[in-house]
Every structure is written in C-alpha cells, then in structure tokens.
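The values are calculated or read from the model by the stated rules, or taken from the named source; none is laboratory data. Predicted, not measured: the structure shown is a model, and the values here were computed from it. Glycine gets a Cβ as well: all are built from the backbone with ideal geometry, and neighbour counts include every protein chain shown. For accessibility, only protein heavy atoms count, side chains too; no ligands or nucleic acids. Shrake-Rupley method; radii C 1.70, N 1.55, O 1.52, S 1.80 Å.
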Amino acid sequence: MFGGDGLRVAPSIENFDLPVMIAVAIACVPFLASGHLLARWEGAVFLAYYALYAAYLVFGVQQHAALPLLGRMTAWFVLPITALTMIVVVLRALRRSFPARG
C-alpha cells in the first residue's frame, strides 16, 4: 500500500463496482436527511437494485448472453426510477420540514 507501485485495482472494479457504490451512497443521502425513514416501497426499490446488481455480477462471470440487455435495462429503467425515488424522498422531507400553514 505504501510502495511505489500503489494498490492494484481490477478494471472491473473501476468500471462497474465503484460507480455503483458511489451511486448507492448518493441515493442514500435523502434517506439520511429525512430522519432515517424508509417506506416499504423504497426498501423494495433498494432490494430490487441489490438483486439486479447480483444478477449483473453473475451474468458477467458467466459471460451470459443477457448481459448487454441487463446493462441497457439498467440505463433506461433503473436510473430514471432512482431519480424519481430520490425526488419523492426529498420532497417528502421538505414537506415535513416546512409544513403548510392553514
């Protein structure tokens, strides 16, 4: 670790695992800011993401033919659902922080 060559990291970690970890960390920020409340549907979204991630890893090791389809599905379905989930959580937290006066 302290040697001149540094720490060798597999390209798959740099290209896939690290971006996924960063995305999950960013996706958790609204939940942490909202008093650590997580609705069942939000928990189901995170569980589905984990299942998708595990499937992607297994398909990648096996060089399965469905791997490109899984990658496209992730880009066109999972990313918009993640953005929508984060917006809902942030809006819900803001609504609780600034209740309507009436």
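In terms of accessible area, using a 1.4 Å probe and ignoring ligands and nucleic acids, 96, 40, 72 rank largest first as 40, 72, 96. Distant-in-sequence amide contacts of residue 39, defined by a placed amide H-H separation under 5 Å and a gap of 5 or more residues or a different chain, comprise nothing. Ordered by solvent-accessible area of protein heavy atoms (1.4 Å probe), largest first, the residues 20, 9, 78 come out as 9, 20, 78. As a calculated quantity, the FRET efficiency between residue 5 and residue 57 at R0 = 22 Å, using C-beta atoms, amounts to about 0.20.
Under 10 Å, Cα contacts only: if you run a Gaussian network model on the chain, which one of 69, 47, 79 comes out with the highest mean-square fluctuation? Result: 69 has the largest fluctuation of those listed. Here percent of Cα pairs over 20 Å apart was calculated from the structure, and among (1) 52; (2) 36; (3) 45 it sits at label (1). Rounded to whole numbers, the Karplus 3J(HN,Hα) couplings from phi for region 37-46 are 9, 9, 6, 4, 5, 5, x, 5, 5, 5 Hz, using 6.51 cos²θ - 1.76 cosθ + 1.60 with θ = phi - 60°, and x at Gly and Pro. The listed residues 73, 21 rank as 21, 73 when sorted by accessible area, largest first, using a 1.4 Å probe.
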